[in-house]
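A quick write-up on the structure given underneath.
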Ligand SMILES: O=C(O)[C@@H](CO)OP(=O)(O)O
């Protein structure tokens, strides 16, 4: 039996998010702000209200997703499992640049064949590959996986799962989730589709 429902959340606010700076892997141990902890508690209540069947809570290898997942797991009465492969996209040479550069200098990231790639870092395809591999393991078990991940990683995997155009999706910010945004995907005969989309119910 495999999962037909998938919950994807972004972690709560960090000081890097407040500054609006791409932090990269250096931010592995960044912690949530007080606001971020409050967002995590709200997220936990939102997820519990969805009554996930046999929930399993997963966080990335970064502290901020684990801190966000903790109240979720506590409310659902399950442990947090650390899942490799769902960590944030490596922005490479773009580390330290403001989020606003993703708008003003986005063309620097666009390669041939509808690709988006950070020079010296990872591409959307790299991240979607590793995220999807991690998901395949999780989805092969019964129950409802709840994945707490990151902004760029979630954009990358949503593009893959929903078969969306890569460049247009990044350029339009279509799949960007705010802190503690929650998205529900449902498996249909023709593939994954939105159940609840974060931007329809933003607490942020
Ligand atoms: O790497 C970062 O600086 C941000 C960008 O989205 O990621 P996160 O979602 O982990 O805050």
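Nothing in this text is a laboratory measurement; each read-out follows from the coordinates by a stated rule. Everything numeric here is computed off the predicted structure, so don't read it as measured data. Ideal geometry is used to build each Cβ from the backbone, glycine not excepted, and the neighbour counts take in all protein chains shown.
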Mind checking the full-extension length gain between residue 105 and residue 163? Use 0.36 nm per residue of separation minus the Cα-Cα distance, one decimal, nm. 18.4 nm
Where N is the number of residues in the range 17-69, Cα Rg divided by 2.2 N^0.38 Å: 1.29
Which one, 32, 139, 43, has the greatest fluctuation when you compute a Gaussian network model over the chain with C-alpha springs under 10 angstrom? 139
Which length gain, in nm to one decimal place, applies between residue 115 and residue 54 when the Cα-Cα distance is subtracted from 0.36 nm times their residue separation? 18.3 nm
Cut-off 10 angstrom, C-alpha nodes, Gaussian network model of the chain. Which of 190, 100, 115 fluctuates the most? 190
Order of 94, 192 - criterion: other Cβ atoms within 10 Å of each residue's Cβ, fewest first: 192, 94
At 0.36 nm per residue, and after removing the present C-alpha to C-alpha distance, how many nm does the segment from residue 19 to residue 173 gain when stretched out fully? 53.6 nm
Compute the helix-to-body angle for 63-76: its Cα long axis versus the longest principal axis of the chain, expressed 0 to 90° and rounded to tens. 20
Which angle between 0 and 90 degrees, to the nearest 10, do you get for helix 34-49 versus the longest principal axis of the chain when only C-alpha atoms count? 50
Degrees between helix 151-161 axis and first principal axis of the chain (Cα, 0 to 90, nearest 10): 80
Between residue 4 and residue 137, the FRET efficiency computed from the C-beta separation at R0 = 25 Å comes out, to the nearest 0.05, as 0.95
Any idea how far apart residue 93 and residue 194 come out in nm if each label point goes 7 Å out from Cα toward Cβ? 3.5
If you take the square roots of the eigenvalues of the alpha-carbon gyration tensor of the chain and sort them as a ≥ b ≥ c, do you get rounded (a/c under 1.5), prolate (a/b over b/c) or oblate? oblate
